[in-house]
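The next block holds one structure in the form of structure tokens; read it before the comments.
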Amino acid sequence: MNDIEHIFERLRSGTVPEKGLDKFAIGIDKPLNEIRRQLNLISTGEGTFKFLRGGYGCGKTFMSQYTLLEALKENFAVSFVVVSPNDTQFHKFDDVYHRIVSGIRTPMAASGALEDAIDRWIARIEDRLADEIGDDAEDFDEQVKVRFETELCDLTKEASGNEFINVLKAYFDAKQEGDYQVASSLISWISGSKNVAASAKKKAGIKGEISSSSALLYLKGILNILKKAGHNGLVIIVDELETILRTRSDVRGKSLNGLRQIIDAAKDFPGMLWVFTGTREFFDSKKGVAGLEPLHDRIKFTSSGGFVSPKQPQLELKPFDKQRLKAVALKLREIFPSDNKGRIYSLVDDDFLNSLCSLVTEGLKGDVGVIPRQFLRELITVLDLVEEHDGSDGGEEYIPKKVYDFPAGGLSDEDQNLVDGKTLSSTDDNSNSGYDVEELKW
């Protein structure tokens with residue numbers, strides 16, 4: 001599927017495309033420049049973080065996907081994680097680690113990227129050793145494994161770091177012996193899987209799984225391998241932090257404390273960028289960041305006389321307005337795959353697009369920024385109908401100005417909740433007293 005077909009297929013289902021975003025992106029120059037600045041920082045050896053702040057419909061997920069595409073273009077490894085109370089609970093960092101590592105992509109590998117990077121790293125070690133001692137040396141393989149410790153010396157200071165290196169050695173041995181099942185199982189284990197056979201773990205002399213307390217150190221090991229394999233670093237997107245607000249007070253507190261620990265440790269991960277997304281409610285309410293003073297002090301959002309710097313920890317994304325909606329509509333009409341462009345431009349003309357923008361605005365009570373995806377679905381439905389019903393088969397011709405009425409498919413329950421002003425805040429705990437600072441064993 002080419003980029004254009006991918007774009008429209010994703011937008012029809014109300015999701016953000018994973019490629020081709022530059023073809024219809026509008027009004028993101030300032031935040032995009034800041035993201036590029038962050039990528040430049042980590043390429044020079046910094047470890048940084050950024051929070052994307054905005055209401056529903058501001059394009060946080062769109063900006064996140066754009067960040068991944070920019071990072072891949074600059075030879076970074078990337079990973080995208082969505083926080084979910086039922087799937088990826090943020091206070092359990094072993095779960096978050098598993099989602100990050102198992103979801104790593106690189107410019108060379110869309111899947112299996114960690115194994116690819118480890119193999120590339122080992123191949124580089126082998127090439128250097130071959131130059132130094134010759135690849136026919138009797139202890140060549142043992143010397144390769146010795147280099148694991150040398151190149152990951154930061155990890156050898158802690159027991160869990162040595163365990164990480166031992167798993168890599170066992171993986172190397174399994175590959176050399178042609179035991180690819182064990183090798184694959186060890187990659188799964190180092191990726192945080194909890195479903196690895198005991199026989200495979202025995203080969204590496206390990207028991208149990210990666211814990212929350214060791215996961216951050218393991219992530220440092222993964223980062224080092226990615227860089228030594230030839231990548232510039234790692235960019236991690238953690239989307240929808242606001243879902244933390246749905247959880248109990250104690251879980252929210254642990255999650256926010258964990259977030260504080262991550263950003264405090266970011267500087268110790270040269271070449272890595274964390275990008276988090278959240279709503280204003282997540283950042284500003286006492287149930288969110290504002291309830292944990294040490295975290296709020298570190299990342300608080302500030303403005304002066306209405307002027308806001310994109311370089312502060314929270315990068316504000318502006319909501320859509322009519323003008324921006326119209327500009328996106330024009331872009332999508334231009335790239336829409338059609339056998340009869342003249343008919344598309346004639347029936348979905350500028351006047352119709354102006355009317356559609358107005359209808360959507362009225363349907364969403366004047367708040368265009370609430371759900372731009374609804375507008376995009378409506379527009380693409382119209383474009384599809386114009387393309388498909390041209391009267392050439394003797395059937396009735398679709399003329400949108402005559403028959404269209406917003407919304408064509410009705411609002412989903414989720415969209416209607418947003419229109420009605422309902423939030424994601426937890427309803428089981430009304431405490432707004434804030435949280436105590438607690439060091440999690442990450």
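Which one of these does Ser338 not meet: (1) hydroxyl-bearing (Ser, Thr, Tyr); (2) closer than 29 Å to Asp22 by Cα; (3) open to solvent by 50 Å² or more (accessible area, probe 1.4 Å)?
The failed condition is (3).
Which one is most open to solvent (accessible area, probe 1.4 Å), of the residues in segment 261-270 that are assigned to a helix (DSSP H, G or I) and of a type outside the set (S, T, N, Q)?
Looking at the filtered set, the residue picked out is Lys267.
For Arg105, indicate whether it is in contact with a strand residue (DSSP E or B) (Cβ under 8 Å, 6 or more places away or on another chain) and open to solvent by 20 Å² or more (accessible area, probe 1.4 Å).
Considered against the rule, which asks whether it is in contact with a strand residue (DSSP E or B) (Cβ under 8 Å, 6 or more places away or on another chain) and open to solvent by 20 Å² or more (accessible area, probe 1.4 Å), Arg105 comes out as yes.
Output the number of the condition that Leu226 fails; it satisfies all remaining conditions of (1) at pLDDT below 95; (2) closer than 17 Å to Leu114 by Cα; (3) of a type outside the set (Gly, Ala, Ser).
The number of the failed condition is (1).
Of the numbered conditions (1) open to solvent by 40 Å² or more (accessible area, probe 1.4 Å); (2) in contact (Cβ under 8 Å) with a residue 60 or more places away in the chain; (3) farther than 22 Å from Asn40 by Cα, Ser111 satisfies every one except a single condition; which is it?
Against the list (1) open to solvent by 40 Å² or more (accessible area, probe 1.4 Å); (2) in contact (Cβ under 8 Å) with a residue 60 or more places away in the chain; (3) farther than 22 Å from Asn40 by Cα, Ser111 comes up short only on (2).
Table: residues versus (1) under 29 Å from Ala71 (Cβ atoms); (2) touching a residue at least 12 places away in the same chain (Cβ under 8 Å); (3) in contact with a strand residue (DSSP E or B) (Cβ under 9 Å, 6 or more places away or on another chain); (4) of a type outside the set (S, T, N, Q).
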| position | (1), (2), (3), (4) |
| --- | --- |
| Ala117 | yes, yes, yes, yes |
| Ala123 | yes, no, no, yes |
| Asp139 | no, no, no, yes |
| Val144 | no, yes, no, yes |
| Phe148 | yes, yes, no, yes |
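Quick one: how many residues across segment 271-318 are surrounded by 15 or more Cβ atoms within 10 Å (Cβ to Cβ), in a loop (DSSP other than H, G, I, E, B) and in contact (Cβ under 8 Å) with a residue 40 or more places away in the chain?
Qualifying residue count, segment 271-318: 11.
In segment 227-260, what residues are touching a helix residue (DSSP H, G or I) at 6+ places or on another chain (Cβ under 7 Å), part of a helix (DSSP H, G or I) and polar (S, T, N, Q)?
The answer is Ser255, and nothing else.
Taking segment 194-226 as the region of interest, how many residues are buried (at least 20 other Cβ atoms within 10 Å of the Cβ) and out of contact with any helix residue (DSSP H, G or I) (no Cβ under 9 Å at 6 or more places or on another chain)?
Of the residues in that region, 1 qualify.
Has segment 364-381 got any residue that is surrounded by 15 or more Cβ atoms within 10 Å (Cβ to Cβ), under 21 Å from Leu11 (Cβ atoms) and over 27 Å from the mean Cα position of the chain (by Cα)?
Among the residues of segment 364-381, at least one is surrounded by 15 or more Cβ atoms within 10 Å (Cβ to Cβ), under 21 Å from Leu11 (Cβ atoms) and over 27 Å from the mean Cα position of the chain (by Cα), which makes the answer yes.
From the list Glu158, Glu142, pick out the single residue that is under 25 Å from Phe93 (Cα atoms), open to solvent by 20 Å² or more (accessible area, probe 1.4 Å) and among the charged types (D, E, K, R).
Values: Glu142 fails: under 25 Å from Phe93 (Cα atoms).
Only one candidate passes the filter, namely Glu158.
The values are calculated or read from the model by the stated rules, or taken from the named source; none is laboratory data. Note that the coordinates shown come from a computational prediction; the quantities given were computed from them, not determined experimentally. Cβ coordinates were reconstructed from backbone atoms using ideal geometry, including for glycine residues, and neighbour counts include every protein chain displayed. Note: areas computed on protein heavy atoms with side chains; ligands, DNA, RNA excluded. Shrake-Rupley method; radii C 1.70, N 1.55, O 1.52, S 1.80 Å.
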